[in-house]
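Input: a single structure, listed below in structure tokens.
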Amino acid sequence: MTSEEALHLFGQAKTRDRFSLSDMRKLLELLGNPDQTLRFVHIAGTNGKGSVCAMTASILKAAGFCTGLYISPSIGHFNERIQVNGEEIPDDELRRCAERVKNACKMMKLYPINFVLTTAIAFLYFAQKKCDIVVLEVGLGGALDCTNVIDPPVVSAITHIGLEHTEILGKTREEIAMQKAGIIKRGSAVVACRQSKEVLLVIRQQFKLVNNLTEYDLPPLEEASPDVVATRKVNAISEQTFQEIASGSEQACPSVPPLICTTPSKVQARSRSLDGQTFIYPPFSMQMLTLSLAGSYQIENALVVLEIIHCLREKGYPITDSDVQTGLLSTVWPGRFEVLKKAPPVILDGAHNPNGALALRTSLEVYFPEQKLILVMGVMADKDYTAMVRIMAPLAACFIAEAHPSSRALSAEALTAEIRRDFFGPVYTAPSIHNSIELALSKQAEAGLPVIFFGTLHQVAEIRNYFKNHLKN
């Protein structure tokens, strides 16, 4: 089902920009509180949270759990957002759940934004399928995201935090981190990927506040030493918002849950190719692990997953090393350093902000050292495309600026002008995604260089479909 078809199920009611967590709770109450029958792994972050969700769900499925997966946005079609054991929600179930949500909204006389509707549908479907555990991706931010109505999850995880949606979440990484850390709840284990010390301090301070801990009780973080924490005060979420997120916080926490930060410095990389990569992470296991996903940044995402699995094991979930290996090997995540063609290589990556572009550049320098690349870029107008161009330009043999049909997209002509400010090689303008693909392959045939598509997730489906239908590796 396409997103247009799915959204049509919700009718043509006026969408409402503001829909509080209390409104979301009322909506779920009218639906029978399906979320309260479920257990969750809740994941927030700027970059990497989708990959972490996909790997975690794959491992839990391999371990025999009925596993729900809720992600956004979809790549090919709407149903991808709601999955159970890797199977997308069927159209008839989507329609049935959507009708129930529409009727509940009519009773409330509220017309929420589409993400709220989709989240309510997901909770209904996961409850109907009697999922043992749901891997739940935050939509935007964390503290006030509609997914944050859930009771304390088994594990909360926060992936890399960067500057994005600054008009909503805050102008600094610390302010954005405060919103992301809003998913931390009393008694839940928390995993954070390697961050700047400033961001880790925010996460640590929110963990301390939610669990009513003293500095003495607070577990140390390797990247944030106690003396630094003691000398810096981090402003917490407002008391009103905190009470909405973590009601009953005045009660003492019966035990201190784990607060874990990944340590990429302990990774022992063994091999890396476009087919995947192998590594050892001693804090988890000395067993060699094989990850099906290419891209050096995926190992850092995998460390978050391994620490999530560690926390689940501590909670009594029977997950073996074999389950972990099977899950990592079977993970599929489109549009993230995805290899569409091997010889010569064509790579598709949905990097759509400066942090994503930097992670992509680091991976490209590992896989194609000292080699120039054909870079194909399309971008939304509300993104920091100037910084993205500056990050990627040193790798470019040439750029192709592509047009995208979305009303949010930056025009190919405007992007071409922007690229020429920082790159003095050839820049070509393509009037459509289809034209950009054909032009890139033509340039590749001439020079034999790798082609890299990046800039937005909105182009992933069309590019993947082209290569699926037209080319063979």
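For residue 400, the residues whose modelled amide H falls within less than 5 Å of its own, excluding neighbours fewer than 5 places apart on the same chain, are 375, 376, 377, 428.
Over the chain, accessible surface divided per residue gives 42 Å², non-protein components excluded, 1.4 Å probe. Hey, could you grab the Kirkwood Rh for the stretch 36-184? Inverse mean 1/r over distinct alpha carbon pairs, Å, one decimal. After inverting the pairwise mean of 1/r, the radius is 15.8 Å. For the chain, the share of accessible area belonging to carbon and sulfur comes to 50 percent (1.4 Å probe, ligands and nucleic acids excluded). The GluC sites (Glu not before Pro) found in the stretch 364-473 that occupy coil by DSSP, while having at most 15 further C-beta atoms within 10 Å, are 370.
Pop the C-beta distance of residue 29 and residue 130 into the FRET formula with R0 = 22 Å and round what comes out to the nearest 0.05.
Details: r = 20 Å, r/R0 = 0.92.
E between residue 29 and residue 130, to the nearest 0.05, is 0.60.
Inter-label distance, residue 397 to residue 151: 5.8 nm, where each label sits 7 Å from its Cα along the C-beta direction. In this structure, the residue pairs whose Cα-Cα separation is over 32 Å, taken from 61/180; 61/185; 129/197, are 129/197.
Considering every pair of different Cα atoms, what Kirkwood radius, in Å, is found for the chain? So the Kirkwood estimate lands at 23.1 Å.
Using the Kirkwood radius built from alpha carbon pairs, what does the Stokes-Einstein equation give as D for the stretch 79-149 at 37 °C and 0.692 mPa s, in µm² per second? All intermediate terms of the calculation are to be shown ahead of the outcome.
Values: Rh = 12.9 Å.
Reported coefficient: 255 µm²/s.
Hydropathy first: keep DSSP H helices in the chain averaging at least -1.0 on Kyte-Doolittle, then drop any whose Cα extent along the axis falls short of 24 Å, and list what survives. For the chain, where a helix must reach 24 Å along its axis and average at least -1.0, the hits are 297-314. The mean sequence distance of close C-alpha pairs (under 8 Å, at least 6 residues apart), as a share of the length of the chain, puts its relative contact order at 14 percent. For the stretch 335-426, the relative contact order is 24 percent, taking Cα pairs closer than 8 Å that sit 6 or more residues apart in sequence and dividing their mean separation by the residue count.
Toward the positive end of the charge dipole of the chain, with +1 on the Cβ of Lys and Arg and -1 on the Cβ of Asp and Glu, the farthest Cα among 264, 119, 373 is that of 119.
Explain nothing, just the number: dipole magnitude of the chain about its Cα centre with +1 on each Lys and Arg Cβ and -1 on each Asp and Glu Cβ, in debye rounded to the nearest 20.
Numbers: 47 positive and 49 negative charges, 35 e Å.
My answer is approximately 160 debye.
The ellipsoid that matches the Cα gyration tensor of the stretch 14-86 has semi-axes, each √(5λ) in whole angstrom, of 24, 17, 12, with the longest given first.
Under 5 Å from the amide H of residue 409 lie the amide H atoms of 381, each residue being 5 or more positions distant or on a separate chain, with H modelled from the backbone and absent for Pro and chain starts. Sparsely packed loop sites in the stretch 22-78 (the chymotrypsin sites (Phe, Trp or Tyr not before Pro) outside DSSP H, G, I, E and B with at most 14 other Cβ atoms within 10 Å) do not occur.
The values are calculated or read from the model by the stated rules, or taken from the named source; none is laboratory data. All of these numbers come straight from a predicted model, not from anything done at the bench. Backbone-built Cβ (ideal geometry, glycine too); neighbour counts: all protein chains shown. Side chains included, ligands, DNA and RNA excluded: accessible areas come from the protein's heavy atoms. Shrake-Rupley method; radii C 1.70, N 1.55, O 1.52, S 1.80 Å.
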